[in-house]
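Student: Before we start, here is the structure in question, set down as structure tokens.
The values are calculated or read from the model by the stated rules, or taken from the named source; none is laboratory data. Worth saying up front: this structure is predicted, and the values here are computed from it rather than measured. When we count neighbours, we look across all protein chains shown, and the Cβ atoms used for this are built from the backbone with ideal geometry, even at glycine. Heads up: the accessible areas ignore ligands, DNA and RNA and are worked out on the full protein's heavy atoms, side chains in. Shrake-Rupley method; radii C 1.70, N 1.55, O 1.52, S 1.80 Å.
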Amino acid sequence: MIDQIKDLTNEIQSYAVSTKDELEAFRLEFLSRNGRVQSMFKNLGSVPKEERGAVGKAMNEAKQLAQSRFDNLKTKLESTDQQVKAAIDDITLPAPEPIIGSLHPLTQTLAEMKNIFYRLGFTIADGPEVEDDFHNFTALNFPPNHPARDEQDTFFVRKSDDPNMMDLVLRTHTSPVQIRLMENTKPPIRSIMPGRVYRNEAVSPKSYFLFHQVEALYVDENVSVADLKETLITFVKLMYGSNVKYRLRPGFFPFTEPSLEMDIWWGSEKDGKWLEILGSGMVDPNVFTAAGVDPEKYTGFAWGMGVERIAILKYGIDDIRTFYENDIRFLEQFN
Ligand code: DAH
């Protein structure tokens, strides 16, 4: 019985109303003659004698609480009524700020990146998130037993022993879009390819099983490493300001030769570290051949940059998971 009274008390305490009708509903439910508080008193007779005193006391308290909650709610309603009335009377009062949404920080970062590459003459292309083995790996010159082809790193959508049926994966990078673009377009090609990618990784502040990349491909006669470097340096200066601290160092990817990686300095002068933002390189002739482009005639550069990484550096974010939790307190900071 005592528990029941406690539940009822809690309910009364947390009851909220925003209209007169709701206030009336409260009164009927808790305060009227047939209301829940009065009905409790009817059961008092069946409570054992020795407990009756305590139970009766609790019931009386619940009754008082219901009454005072009612009075409070009523006063509150009336005062907001008056505020509304006052506001309507004085139409010169400033209107309350409307609460409007804002673009997700990744969307904002991506928009900024697209804008920069648009100015540098790149068009935008895209491709499927569920890819076949050929476009995600083989055409990009991955050897048959490369570790990325392992289920530890890659989400398989379809895995088959039948040699006529290709494996399907959630694309692990945006590079397969390069292949699709070359299959469908004659050079010159100068495009960026933004999109989601997936990796079978343990979730931590540094990694998530899904993230975004912006791939780029520039194919023409006489494209050189100097063009690649110049484009990358121009990008980081436009994105982070001309004082940005960056470095280019050699890397390795099956689909480029030579390959370069780019890092940006993150944090203060004394107390910071290098953060990798992209992989890039000169398109490997094997990739051109697989995609139907003549490697004797054309050269090209490519890169894949991480959008989360770019945003983390831009906004000083320290946990990649915050991008996907949709916590309004995080999102509100990017209005
Ligand atoms: N696909 C690579 C990755 O996900 C990134 C990359 C490196 C893309 C070099 C490229 C490239 O186009 O040329 O790690």
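Student: Between rounded, prolate and oblate, where does the stretch 141-269 land on the alpha carbon gyration tensor, with a ≥ b ≥ c its root eigenvalues, rounded for a/c under 1.5, else prolate if a/b exceeds b/c?
Tutor: Cα axes put the stretch 141-269 in the oblate bin.
Student: Within the accessible area of the chain, what % is carbon and sulfur when the probe is 1.4 Å and the other protein chains stay in place? Each step should come with its number before you reach the end.
Tutor: Details: 9930 of 19460 Å².
Its accessible area is 51 percent carbon and sulfur atoms.
Student: Protein chains only, probe 1.4 Å: how do 93, 181 rank by accessible area, largest first? Could you put the intermediate results ahead of the total?
Tutor: Numbers: 93 95, 181 30 Å².
Result, largest first: 93, 181.
Student: If you fit an axis through the alpha-carbon atoms of helix 49-89 and take the longest principal axis of the Cα set of the chain, what angle between them do you get, 0 to 90°, nearest 10?
Tutor: With rounding to tens, the tilt is 60 degrees.
Student: Just read off the accessible area of residue 166 with the full protein assembly in place, 1.4 Å probe, to the nearest 10 Å².
Tutor: Approximately 90 Å² for this residue.
Student: Restricting attention to the stretch 1-72, which trypsin sites (Lys or Arg not before Pro) occupy a DSSP loop and are surrounded by at most 12 other Cβ atoms within 10 Å? It would help to have the intermediate numbers written out before the result.
Tutor: Details: sites: 6, 20, 27, 33, 36, 42, 49, 52, 57, 63, 69; in loops: 33.
The qualifying sites are 33.
Student: Could you state the accessible area per residue of the chain in Å², with a 1.4 Å probe and every protein chain left in place? Spell out each step's value before the answer.
Tutor: Working: 19460 Å² over 335 residues.
Heavy-atom accessible area per residue stands at 58 Å².
Student: Gap in Å between the Cα centre of the stretch 294-335 and the Cα centre of the stretch 11-78?
Tutor: 55 Å
Student: Per the helix-only calculation at 222 nm, which mean residue ellipticity applies to the chain, given -39500 (n - 2.57) for every DSSP H run of n ≥ 4 and division by its residues, nearest 500 deg cm²/dmol?
Tutor: Values: 12 runs with 137 residues, N = 335.
When only DSSP H runs of four or more count, the value is -12500 deg cm²/dmol.
Student: Still on this structure: Kindly give Rg over Rh for the chain, based on alpha-carbon atoms, with the Kirkwood expression for the hydrodynamic radius. Please list the in-between numbers first.
Tutor: Details: Rg = 32.3 Å, Rh = 25.5 Å.
Result for the chain is an Rg/Rh of 1.27.
Student: A further question on this structure: In whole Å, how far is the Cα centre of the stretch 145-207 from that of the stretch 265-290?
Tutor: 19 Å
Student: Would you mind checking the pairs 186/297; 186/229; 237/273; 245/273; 159/206 and listing those with alpha carbons more than 20 angstrom apart? Please list the in-between numbers first.
Tutor: Values: 186/297 12 Å; 186/229 24 Å; 237/273 18 Å; 245/273 11 Å; 159/206 29 Å.
Exceeds cut-off: 186/229; 159/206.
Student: Reachable lysines from residue 74, Cα under 17 Å, same-chain residues fewer than 8 places away excluded?
Tutor: 20, 63, 85
Student: Still on this structure, I have one more. DSSP beta bridges in the stretch 105-334, what fraction antiparallel, as a percent rounded to 5? Display every interim value, and only then the final one.
Tutor: Numbers: 45 of 47 bridges.
About 95 percent, rounded to the nearest 5.
Student: Which trypsin sites (Lys or Arg not before Pro) in the stretch 257-335 pass both tests, a DSSP loop state and at most 16 other beta-carbon atoms within 10 Å? Intermediate values should be presented prior to the final figure.
Tutor: Details: sites: 270, 273, 297, 309, 314, 321, 329; in loops: 270, 297, 321.
Here the trypsin sites (Lys or Arg not before Pro) that fit, given the DSSP loop and packing criteria, are 270, 297, 321.
Student: Counting other Cβ atoms within 10 Å, which GluC sites (Glu not before Pro) in the stretch 142-241 have at most 13 and lie in a DSSP loop?
Tutor: On the way: sites: 151, 183, 201, 215, 221, 230; in loops: 151, 201, 221.
Answer in residue order: 151, 221.
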